[in-house]
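Every number here is computed from the coordinates shown, using simple stated rules; none is lab data. Worth saying up front: this structure is predicted, and the values here are computed from it rather than measured. Here the Cβ positions follow ideal geometry from the backbone for every residue, glycine too, while neighbour counts run over all protein chains shown.
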Amino acid sequence: MSNTLPFETPIARESDDSAWQRALKDVVREPAELLSLLELDPATRPASLAAQAAFPLRVPRAFVARMQAGDWSDPLLRQVWPALEETRATAGWVGDPLQEQQATLAPGILQKYHGRALLMAAPHCAIHCRYCFRRHFDYDANSPGRQAWQESLASIRDDTSITEAILSGGDPLANGDSQLGWLVRQLEAIPQLDTLRIHTRLPVVIPERVTDALLALLRDCRLQVVVVLHINHGNELDADCDAAIARLRNTGAIMLNQAVLLAGVNDDSDALVALSRRVFAAGVLPYYLHLPDRVAGTAHFDVSEVRGRELVDTMRATLPGYLVPRLVREIPERTAKTVLA
Ligand code: SF4
């Protein structure tokens, strides 16, 4: 496991100084600045210096603007605040709870499930989510350059059972459009692939990321594009996000959401029902509700399976079936995610 700060790898590799790249460079990195913007007193709940050193605060300003000033319990703030609880060791909470290092097919590519290959398309993100299951991931060993990518992609080309490529990371849309386009074109050239899935939080945290060049790339892609957003609370969406999502939908992409069930963020049925309704209003279907992975430093976000089932049962009694996400847990070495409700 790397001790480096992979998500701090320089992000802008292109000369493009578009609005989204400026927003990406101008994220809030200092806890004191975040608290000042939110009119919160640092003396009441100091940031953990150790947590900040291990996984630095990183929040786009557009996301901060959706937080409620003066409210320590704001569900968006809780997702990004380097809390003292992160420094407590908890038995069973480890650096690589999903044993992803063992799933490496080739540098930059993991294969966890039949028929799908997951590409670590970017070693960085726009936002640092404290509960992230890859917060300790060894990105240094899984960040190929173009030459190395071509060698790694041969492992997909040689396995005709793989029909879906999943761009993950980090956040694949943290790459500029030319780098992303290059990778997509490499995948389009692999004959047996029919689906391109993109897991991203960027259209939510920096909606300007949905550029004309990105839209053209997705619209012209010969693969069926599935965009899986990551939204945990309805407050994360505003009108700019709605517009960005509508533009993505207009390319023909299928839009899904996966959320993580997080203590103090969305572990009540009203918040989850509101989340499903809000993402649907934006044109996105709820897909998965993940129980948190047991990543070192994140035990304070845990929600039990029993509580998760109760919450989903309440959602089912309230919402039409298509708005009830599947409650899942990822268990290493299983052939699929484990569906709990
Ligand atoms: S955007 Fe995704 S990969 Fe990046 S820190 Fe958040 S949860 Fe982790």
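Of all alpha-carbon pairs in the stretch 91-186, indicate the percentage at a distance above 21 angstrom. Above the 21 Å cut-off, the stretch 91-186 has 32 percent of its Cα pairs. Remark: GLU310, GLU86, GLU100 ranked as GLU310, GLU100, GLU86, counting other beta-carbon atoms within 10 Å and listing the fewest first. Taking other residues whose beta carbon is less than 13 angstrom from the beta carbon of PRO191, and scoring Lys, Arg as +1 and Asp, Glu as -1, yields -2. Couplings 3J(HN,Hα) of the stretch 323-340, computed from phi: 9, 9, x, 7, 7, 10, 9, 9, 10, x, 6, 6, 7, 7, 4, 8, 8, 9 Hz, in residue order, whole Hz [Karplus 6.51 cos²θ - 1.76 cosθ + 1.60, θ = phi - 60°; x for Gly and Pro]. A full extension of the chain between THR335 and ALA103 corresponds to an added length of 82.3 nm, given 0.36 nm per residue minus the alpha carbon distance. Amide H contacts of LEU105: LEU110, GLN111, each under 5 Å away and 5 or more positions distant or on a separate chain (H built 1.01 Å from N in the peptide plane; Pro and chain starts excluded). Taking Cα centre as origin and charging only the Cβ of basic (Lys, Arg, +1) and acidic (Asp, Glu, -1) residues, the dipole magnitude of the stretch 100-339 rounds to 300 debye. The charge dipole of the stretch 33-120, taken about the Cα centre with unit charges on the Cβ atoms of Lys, Arg (+1) and Asp, Glu (-1), comes to about 340 debye, rounded to the nearest 20. Computed from backbone phi with θ = phi - 60° and the Karplus coefficients 6.51, -1.76 and 1.60, the 3J(HN,Hα) list for the stretch 204-216 is 8, 8, 9, x, 4, 4, 7, 8, 4, 5, 5, 4, 5 Hz; x is used for glycine and proline. Excluding ASP171 itself, calculate the net charge of residues whose Cβ lies under 12 Å from the Cβ of ASP171, where each Lys or Arg counts +1 and each Asp or Glu counts -1. Taking every other residue near ASP171 into account, the sum is +4. Mean-square fluctuations from a GNM of the chain, with a 10 angstrom spring cutoff on Cα atoms, peak among GLY145, GLY264, GLY181 at GLY145.
Shape analysis of the stretch 139-256 places it in the prolate category; the axes a ≥ b ≥ c from the Cα gyration tensor give an a/c of at least 1.5, with a/b above b/c. Here the stretch 100-339 is described by how far its Cα atoms reach on the three principal axes: 49, 38, 29 Å, from widest to narrowest.
Over all other residues within a Cβ to Cβ distance under 14 Å of LEU84, the charged ones net out to +2, with Lys and Arg as +1 and Asp and Glu as -1. Relative to the longest principal axis of the Cα atoms of the chain, the long axis of helix 146-157 makes an angle of roughly 80 degrees. Ranked by the mean number of other Cβ atoms within 10 Å of their residues, highest first, the peptides 276-283, 196-203 fall in the order 196-203, 276-283.
The packing ranking, built from the mean of other Cβ atoms within 10 Å per residue, places the peptides 101-107, 42-48, 213-219 in the order 213-219, 101-107, 42-48, highest first.
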